[in-house]
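Step one of this worksheet: look at the structure below.
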Amino acid sequence: MRRPAWHSGMPCVRNALSKSIMVACVGAAVRSAPVLSARHGRQHACIVPKSIQPNSSTERFHRQLAMHQKSLVTLEYPKIIERLTREAAFSASKALAQQLTPSDDPREVRRRLALTTEARRLMEQRPDVGVRGARDVRPHVHAAERGAMLAPAELIEVLVTLRASAHLGKIIARLDGSYPLLMALAEDLPARPGLEGRIAESISEDGEVLDSASPELRRLRAEIRGAQQRLQERLNNLVNEFRAALQEPIITMRSDRYVLPVRAEARGQVRGIVHDQSGSGATVFIEPLVVVEMNNRLRELHLAERQEIERILLELSGEVGREGPYVILAVELLAEIDLQLAKARYAGLINASEPRISERGELRFDQARHPLLTGKVVPIDFTIGDEFSMVVITGPNTGGKTVALKTVGLLSLMAQAGMHIPAREGSTVPVYTDVFADIGDEQSIEQSLSTFSSHLSRIVEILRQAQPGTLVLLDELGAGTDPSEGSALARAILAHLLEKGVTTIATTHYSELKAFAHEQAGVANASVEFDVETLSPTYHLRIGLPGRSNALAIATRLGLPEDIIVQAREFLGSAGVEMESLLEGLEADRRAAADERYHLSMERAEAEYQRRELERRRAELEEERVRILNDARARARREVDGIQTELARMRAEIPRQRITPEKLSDLRARVRALDERAAPLPQPVRAPEEPEAAEPAEEVLAGPLQIGDTVRVRTMNSRGELLTLPDARGDVEVQLGPLKMRVRAREVERLSRRQARAESSTSVITLPELRPVATPDLQLDLRGQRVEEVLPLVDRYLNDAYLAGMPFVRILHGKGTGALRQAIREQLAHHALVRSYAPAEAKEGGEGITVVTLQT
């Protein structure tokens, strides 16, 4: 089985089929020191990137390559590899794909599968990702290392490969942390900008050496253009001079020299050197003597140009040779990454998914399909390795037994090679140390072996190598000989494999093997369905139920005389008839159970639909209830706001005027109107509940007040929540519904939680008794107090001043550090009763006093 590649700078060539080369490379890697980083310039003998460090011995590597090759061919694994190879982008990755074999190392299998998964996600995110025209330039590099001159086209291939390496490395480096394996591979992709730039400035994309390759080449080509221009002008003059002697008035070339086409009979008129003549002899091509020196000079310049081009190509080839280890590393890592992309593309073509690797040897395929079948493919469900390690599949010919056998074997090989499998996500496969398969007609004329002998030879080889942890697939076990002996031999072989603990799947027609599977612990029957009505298989595989041959049923369906059918049943014997009757009964029970499951699933689906409908209706009713409550609360909030506004206005009017009996009656009428507006809203309708035991009408708790207590303000007969403890003046702050009020602590009493629940959820505000408000001092002195102490005092002072009808007040806070002044002025800036404020005049205290103008 293939292991990650090894890379050498001088060079270690990847060759997964050659043990000797692998050993040489491993040995060189071990002996060489130090190891060269792909992105730094220390010289080395062998590059071994950390993303592909060895994880097994060479002997183990070679043993994996020797996995039962005949079984791989039997299970059509090479055809999968052929299709995978088509998805690879260039020859190096195609070679890797052709060398891809299953691994028996669980860690390596998980790594391969994870790489394929990462590549699929990367292609979904970046559909354009790829190696961008990279080429396998390792032969060019080896030639350059030997001192050979590379052609311009070969240098361009090196350039394209290096650019592809740098580009792909940048793409993968910008990915997030969910691509650890691809990022580890791309981390070693070499970037050689110096070599890229040197080739790019010297060779055009068409493979021409550019003038910019060297100053000398630029100079020579400039001289060549000048010499050609002078020569052309001289020859044009000669054409005009000897026009009568020319076959055509043109200038042409022979032997890389400019000549004139002269008529044979006029050749004496043009003195010069004859370089050629036409096939008819009517035209001779003469280089006039007057331009011989000019032609010679042009020829010398061309020779110098050619020599300079060769020098440039040799220089570039030398640079490629010196950078050879990095170029080879780029090719091999690009091939490794492209192989993962090829596996991802193939997985997309066959609609595959990543299988889970089982540590307990359990294999479970859900809706598995053979990847080489086309058209309408019937998927199968298959399990083995948990409750039983052997499955015996029975059923009619062409029913799908062999396809099921090949599907299980081929998908196991694909998974161990790191490929996704065409099965439902969540399928599980163990890592087998080897897979053996004896499927199909192996008759050999050259070896004079019959079908039975050929099969038996393969089985002998398999029994010799099969061990616990291997998978054995046997098709038509015991066929091709006397049924009695074949059945006995097949049973003995299965018993031997079962005793050795070998996971085995076998197909057969023998009824004795059905009984063996039914009676023997660790063995399960399986069968492929056959529709007797249509005389065609359904290809559905059933685990746990043996199959029927259906020969008599098919014969009856096709019209064989009834007396023959009866006689056949007599010849079948009582045991055979009982077996067929038992299988027929089991089949009927299975169908009845399937029908019952179908009806139960329909009922379950209907119940689920009803549950979802009820849940939806309940959610709608809840939304409607919440909306109604919110509307009611909004109306109540607006009513309370209006009442508070009216109360504030009435309290502000009382101190400003003398109360007469008539005005007092008017105020009482207005208070009664407010009381009616503040009546509690009706409670939402609730479902009737069980009557609760009556609670005490009153339960007042003793002890000090605590923040969060449920309290009643006695003067207002209202319940609320205590927000602050008593301050220096003995006031507390209480939340009454949407209102916050400051009241005397002696007016507040604690309520028990039971009493709080018994109170109405909608507070009713009882208007306090109206009494005259004492006029506060004109100036409030706060010097020497802390910020947290003075802010409540300022708020209460402003309220009292406003209710007393004072137009302005003075707050004495002192100058000090300015912290107290700043806090007070910030409070004044947002106070509803303050119209404006400003520092006092300098002679009255300046910044130490703030004059506050109240609202009117």
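The values are calculated or read from the model by the stated rules, or taken from the named source; none is laboratory data. Source: prediction; values computed, not measured. No Cβ is skipped: glycine too gets one built from the backbone with ideal geometry, and neighbour counts run over all protein chains shown. Note: areas computed on protein heavy atoms with side chains; ligands, DNA, RNA excluded. Shrake-Rupley method; radii C 1.70, N 1.55, O 1.52, S 1.80 Å.
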Which of the residues spanning segment 66-116 are of a type in the set (S, T, N, Q) and out of contact with any Ser or Thr (no Cβ under 8 Å at 6 or more places or on another chain)? GLN69, SER71, THR74, THR85, SER91, SER93, GLN99, THR101, SER103, THR116
When the residues of segment 199-217 are narrowed to those that are farther than 20 Å from GLU323 by Cβ and aliphatic (A, V, I, L, M), which ends up farthest from the chain's Cα centre (by Cα)? LEU217
Scanning segment 162-204 for residues that are open to solvent by 10 Å² or more (accessible area, probe 1.4 Å) and touching a Phe, Trp or Tyr at 6+ places or on another chain (Cβ under 6 Å) gives ARG192
Could you go through segment 498-509 and let me know if any residue there is more than 44 Å from the chain's Cα centre (by Cα), touching a residue at least 60 places away in the same chain (Cβ under 8 Å) and open to solvent by 40 Å² or more (accessible area, probe 1.4 Å). yes
Which one is modelled with the highest pLDDT, of the residues in segment 495-510 that are within 30 Å of ALA555 (Cβ to Cβ) and touching a Ser or Thr at 6+ places or on another chain (Cβ under 8 Å)? THR507
So if I check each of GLU759, GLU769, GLU788, which one is open to solvent by 30 Å² or more (accessible area, probe 1.4 Å), of a type in the set (D, E, K, R), modelled with pLDDT of 80 or more and under 30 Å from THR710 (Cβ atoms)? GLU788
Would you check which residues across segment 91-117 are open to solvent by less than 10 Å² (accessible area, probe 1.4 Å) and within 18 Å of ALA347 (Cβ to Cβ) and list them? SER93, LEU96, ALA97, LEU100, PRO102, SER103, VAL109, ARG112, LEU113, LEU115, THR116
Determine whether segment 608-622 contains at least one residue that is at pLDDT below 85 and among the basic types (Lys, Arg). no
Would you confirm whether any residue within segment 375-397 is closer than 13 Å to THR503 by Cβ, acidic (Asp, Glu) and touching a strand residue (DSSP E or B) at 6+ places or on another chain (Cβ under 7 Å)? no
Selection within segment 363-390 - aliphatic (A, V, I, L, M) and surrounded by fewer than 19 Cβ atoms within 10 Å (Cβ to Cβ): LEU372, LEU373, VAL377, VAL378
Can you work out which of the residues in segment 827-856 that are touching a Pro at 6+ places or on another chain (Cβ under 9 Å) and assigned to a helix (DSSP H, G or I) is most open to solvent (accessible area, probe 1.4 Å)? GLU847
Please state which of the following conditions ARG712 fails to meet, knowing it meets all the rest: (1) open to solvent by 70 Å² or more (accessible area, probe 1.4 Å); (2) at pLDDT 80 or above. (1)
Condition broken by THR116, with the remaining ones in (1) out of contact with any Asp or Glu (no Cβ under 9 Å at 6 or more places or on another chain); (2) at pLDDT 85 or above satisfied: (1)
Taking segment 517-548, which residues are open to solvent by 60 Å² or more (accessible area, probe 1.4 Å), among the polar types (S, T, N, Q) and modelled with pLDDT under 75? THR534
Could you run through segment 467-482 and say how many residues are in contact with a helix residue (DSSP H, G or I) (Cβ under 9 Å, 6 or more places away or on another chain) and more than 17 Å from ALA437 (Cα to Cα)? 2
State whether one or more residues within segment 404-421 are in contact with a Gly (Cβ under 9 Å, 6 or more places away or on another chain), more than 22 Å from ARG111 (Cα to Cα) and open to solvent by 30 Å² or more (accessible area, probe 1.4 Å). no
Based on this model, can you work out whether ARG311 counts as open to solvent by 30 Å² or more (accessible area, probe 1.4 Å), modelled with pLDDT of 90 or more, closer than 30 Å to LEU155 by Cα and of a type in the set (Lys, Arg)? yes
Can you find a residue in segment 240-263 that is in contact (Cβ under 8 Å) with a residue 24 or more places away in the chain and within 30 Å of ALA134 (Cβ to Cβ)? no
Under 9 Å between Cβ atoms, at least 6 apart or on separate chains: pull out the pairs that start in segment 513-528 with a residue that is among the aromatic types (Phe, Trp, Tyr) and end on any residue that is open to solvent by 20 Å² or more (accessible area, probe 1.4 Å). PHE516/ARG491; PHE516/ALA495; PHE516/TYR510
Inspect all residues belonging to segment 416-428 and state whether any of them is over 35 Å from the mean Cα position of the chain (by Cα), at negative phi, modelled with pLDDT under 95 and not in a strand (DSSP E or B). no
Qualifying residue in segment 803-826 (condition: part of a helix (DSSP H, G or I), among the polar types (S, T, N, Q), at pLDDT below 90 and farther than 19 Å from ARG742 by Cα): yes
If the Cβ limit is 8 Å and pairs must be 6+ apart or interchain, which residue in segment 109-135 that is within 26 Å of ILE156 (Cβ to Cβ) pairs with which residue that is part of a loop (DSSP other than H, G, I, E, B) and open to solvent by 50 Å² or more (accessible area, probe 1.4 Å)? GLY130/ALA89; VAL131/ALA89; ALA134/ALA89
Which is closer than 30 Å to LEU545 by Cα and not aromatic (Phe, Trp, Tyr), of ILE337, ILE393? ILE393
